[in-house]
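What follows draws every value from the coordinates through simple rules; no lab data is involved. Remember, predicted model here, so these are calculated numbers, not experimental data. Neighbour counts are summed over all protein chains in view; Cβ atoms, including those assigned to glycine, are modelled from backbone coordinates with ideal geometry.
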Amino acid sequence: MSTPIGPYTPIVTAGPWLICSGQLGLGEPEAGQAPSLVEGGAPAQLAQALANADGLLRGQGAVPADVVKTTVFLVDMADAPAVNDAYLAFFGDHRPARSMVAVSALPLGGLVEVELWAYRDPS
């Protein structure tokens with residue numbers, strides 16, 4: 001997803017840091033359509049949100065192994081175990097620092113949102 005849904009920049013570079021704004025599980029829209037959330041609940045939305053963030057990172061020359069911190073926002077903490085499975089499927093053995101917080105609502109009715117901080121070694 002390259003077009004933000006609000007007045008923000010999807011990814012910002014600050015020296016060796018990349019800060020990826022919160023990503024929702026928005027799939028690629030059909031021609032002429034607005035993007036929409038993927039089906040399959042919070043785990044599928046997180047998998048898509050991470051894929052969207054991965055595209056942003058790779059566009060800046062970074063990879064998931066460069067991610068050092070994530071924040072996961074969940075509408076329903078009962079989804080946490082399934083969301084953890086999707087998170088592990090994306091990161092594999094890499095374990096960035098993470099916060100997971102419950103929120104009352106997310107944009108577009110999303111069930112989960114994730115933001116990432118990545119560090120690119122300048123050497």
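Once Lys and Arg get +1 and Asp and Glu get -1 on their Cβ, which of M100, A62, L111 lies farthest toward the positive end of the dipole of the chain?
Towards the positive end, the residue furthest out is A62.
Using just the C-alpha positions of the chain as equal point scatterers, what log10 of I(q)/I(0) does the Debye formula give at each q in 0.10, 0.14, 0.23 1/Å?
-0.28, -0.56, -1.44
Among the GluC sites (Glu not before Pro) within segment 34-123, which fall in a DSSP loop and have no more than 14 other Cβ atoms within 10 Å of their own Cβ?
E39
Based on Cβ point charges of +1 for Lys and Arg and -1 for Asp and Glu, what charge dipole magnitude is obtained for segment 3-123 about its Cα centre, in debye rounded to the nearest 20? Mind showing how you got there, number by number?
On the way: 5 positive and 12 negative charges, 75 e Å.
Using only the charged Cβ atoms, the result is roughly 360 debye.
Can you give me the C-alpha center-to-center distance between segment 61-82 and segment 10-42, rounded to a whole angstrom?
What the calculation gives is 13 Å, centre to centre.
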